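In what follows, a single structure is set out as structure tokens and then discussed.
The values are calculated or read from the model by the stated rules, or taken from the named source; none is laboratory data. Here the structure is a predicted model, which means the values were calculated and not measured. So basically every Cβ, Gly included, is an ideal-geometry build from the backbone, and we count neighbours across all protein chains shown. Calculation scope for accessible area: heavy atoms of the full protein, side chains included, ligands and nucleic acids excluded. Shrake-Rupley method; radii C 1.70, N 1.55, O 1.52, S 1.80 Å.
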Amino acid sequence: MPGCCLCHIRFRRAWKVQGHSVEELLFKALGGVWGSWLGLILIVIVLIAPFYVVRIDPASIRIRF
């Protein structure tokens, strides 16, 4: 999923640099580029959170069978 958000951000930047407008696109994302940035940031936070939790409370990683 982070790859999709990053790909959308880079595509829209390249689209703009090449002189195209958003109106030329057949499909426009609901949140636009801002939605992709928000999604990318949230995914990174979710991926980092477990490492942060383990660093704060190492006892929380006990293996329970």
Fill in: Output for the range 1-26, where each listed residue is over 23 Å from ILE41 (Cα atoms) and open to solvent by 80 Å² or more (accessible area, probe 1.4 Å)
VAL17, GLN18, GLU23, GLU24, LEU26
Item to complete: Find all pairs meeting these conditions: Cβ atoms under 7 angstrom apart; at least six residues apart or on different chains; first residue within the range 22-41 and in contact (Cβ under 8 Å) with a residue 12 or more places away in the chain and within 17 Å of PRO2 (Cα to Cα); second residue of a type in the set (A, V, I, L, M, F, W, C) and in a helix (DSSP H, G or I).
Response: VAL33/ILE9; SER36/CYS5; SER36/ILE9; TRP37/ILE9; GLY39/CYS5; LEU40/CYS5; LEU40/LEU6
Worksheet, complete the sentence: Those residues of the range 5-62 which are aromatic (Phe, Trp, Tyr), in a helix (DSSP H, G or I) and out of contact with any helix residue (DSSP H, G or I) (no Cβ under 9 Å at 6 or more places or on another chain) amount to PHE11, TRP34, PHE51, TYR52
